[in-house]
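Working notes, structure below.
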Amino acid sequence: MELNLEIPRDYLFIRSISTKGIQVSEEYYASPLILSGRQIVSEWGVHSIGDIREETLQCVFDMQPELVLIGCGKLQAFLPPVIQALFFRRNIGFEVMTTDAACRTFNVLVAEGRNVVAALLPG
């Protein structure tokens, strides 16, 4: 699925999602990653929504986002309340959605200049 026909020059963006992985600018990522408008963490040690814990989120929190989008793969899932509380305590908004939806939302928010981070599990 192609997401963006224009090539923004001043921030990272998600170009497409396919069986090859998530294409950020011109490079494909087949494993879980964390992405902001300026930075990629290509080796995120999470393989399912159940792997998300405080220590796996620390690199996300270190980016100091105002909002975190968690792409949980092809099927909708939810974070346990104890993990949700980690975001609430830091006053960081979050949304869990399918990875396709998280990628589309990420591009829109980055284009608006929002301080957003996407933590993505490829579908």
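Listed values, structure above:
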read-out: Near pairs, Cβ below 8 angstrom, 6+ apart or cross-chain, from segment 91-112 (among the small types (G, A, S)) to any residue that is part of a strand (DSSP E or B) and crowded, with 20+ Cβ neighbours inside 10 Å; value: G93/V68; A101/G71; A102/L69; A102/I70; A102/G71; A102/A118; A102/L120
read-out: Among (1) of a type outside the set (V, I, T); (2) more than 12 Å from the chain's Cα centre (by Cα); (3) surrounded by 13 or more Cβ atoms within 10 Å (Cβ to Cβ); (4) part of a helix (DSSP H, G or I), the one test that G50 misses; value: (3)
read-out: Cβ pairs under 6 Å, 6+ apart, first in segment 57-69 and in contact (Cβ under 8 Å) with a residue 12 or more places away in the chain, second of a type in the set (S, T, Y); value: M63/S36; L69/T105
read-out: Unique residue being under 11 Å from the mean Cα position of the chain (by Cα), among the basic types (K, R) and at negative phi when the list is R89, R104; value: R104
read-out: Test: residue in segment 68-80 that is buried (at least 20 other Cβ atoms within 10 Å of the Cβ) and more than 23 Å from Y11 (Cα to Cα); value: yes
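Computed from the coordinates by the stated procedures, all read-outs in this text should not be read as laboratory data. Please read all numbers here as calculations on a predicted model, not as lab measurements. In this analysis, Cβ positions are derived from the backbone assuming ideal geometry, glycine residues included, and neighbour counts consider all displayed protein chains.
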